[in-house]
Amino acid sequence: MNRKQKNILAILALIACGFFSAAGIYAYQTYRTFAQVPLGAALPEYTRISLPPTWTATVGTPQGAVTLAPTITLAPTNTIEPICSGPDVMNILAVGADSRQDAYIYGLADAIRIVRVEFKTPRVTILEFPRDLWVEIPYIADNLHGIDHGKLNQAYLFGQPGDGFNYWDNPSGGAGLLALTLNQNFGVQSDHYVTVNMRTFENIVNAMGGIDMTITDEETAKNTGLPIGANHLDGAGALKVARNREEGVFERANNQNRVLCALRKKILSPGVVTKIPDLIASFQDNIRTDFTPEQITQLACLGTKLRPQNIAFASFPEELFTPSRQIPDVYTHNPKGVFIWDVDFKILRDYVAQFQAGDWPPAESIEKETKEVVCE
């Protein structure tokens, strides 16, 4: 090969390198653009509330029911910067809708959770909100029916496009209106949301090959039709346990936490890896969220590094709530009113503020035995 040919080859090599470099940059920029596009409408803006600098529970103040998986020890780490390129903290509104349709046009918020994800510790804490709280619902007072209050779970319904009343036309839908309602009444500050309906929940459990749960008491067995002892549940069976309310709404929340524990255990099992394609197909286009693909990747990364003992389920103290009725029921116009929980919202706001600051629940508050679920 003479010198001229070598020069030509060198020039062609430089052109090829430039082409592939440009193509790589373009592909990276395209991916970054895709990765940062939310999969759904963002939550509406709301006023951020400053947290109190310190908080000490009043003598005799109940500390709430807390479930840690599987022990009460929160393992410290030496991590200074957030791992997985995530933010310091992410607050997620998680909604389980009671609609059995594939489309998200109707439905009440059957399960309401606030999930605090800490990327520094790392730690995940999940706070359950009772759905039967009588709350002021913003942005709907100008409707033809004169409704501006309702149960907390109705805030989601009134935000959905299929309610027929046209209360709320924001693209964030029921999740957006529920987030605003939680913020206005309790100071909840949600960064993102995830909504799953009942059919999608069943599909997810089925795609994983079912979950394993142990039924320990006769009442639960009677109400769900499941035998005492170990049970392998498909999606329909898991949903039956999660929706069992015969023993009261607080026990119902515990049942939902038991199902979440079983889901967590199954997801971490080696066998579920082979079912990932089915799992993705089961919820693709059927879960409503404003996460970007990049944020989903951050959460997935965190899941691989999260210690089981740093996952906690929390609930407000049961003794704060008194059964009551709201009369008249402005939604159904039932003369007997509708069942609600009577509770001091100021106390709940205080708990929420400390939850969002990462100061509640404290691990020492659950050193005594409780009837709450403990993930294994």
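A short reminder: the numbers here are calculations on the coordinates, not readings from a lab. Remember, predicted model here, so these are calculated numbers, not experimental data. Please note: Cβ atoms are built from the backbone with ideal geometry, for glycine as well, and neighbour counts cover all protein chains shown.
Here are the numbers:
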read-out: Calculated FRET efficiency for the pair residue 228/residue 103, C-beta based, R₀ 41 Å, to 0.05; value: 0.60
read-out: Kirkwood Rh and Cα Rg combined as Rg/Rh, the range 154-275; value: 1.05
read-out: Highest to lowest packing among 312-319, 251-258, scored as the average C-beta count within 10 Å; value: 251-258, 312-319
read-out: Segment residue 342-residue 318, extension gain: residue separation times 0.36 nm, minus the distance between their alpha carbons; value: 7.5 nm
read-out: Where chymotrypsin sites (Phe, Trp or Tyr not before Pro) fall in DSSP loop in the range 110-212, at most 15 other Cβ within 10 Å; value: 165
read-out: Amide hydrogen neighbours beyond the local backbone of residue 123, cut-off 5 Å, H modeled; value: 118
read-out: In Hz, Karplus ³J(HN,Hα) per residue of the range 93-98 (6.51, -1.76, 1.60; θ = phi - 60°; x = Gly, Pro); value: 8, 10, 10, x, 7, 8
read-out: Cut-off under 5 Å, modelled amide H: who pairs with residue 197 long-range; value: 97
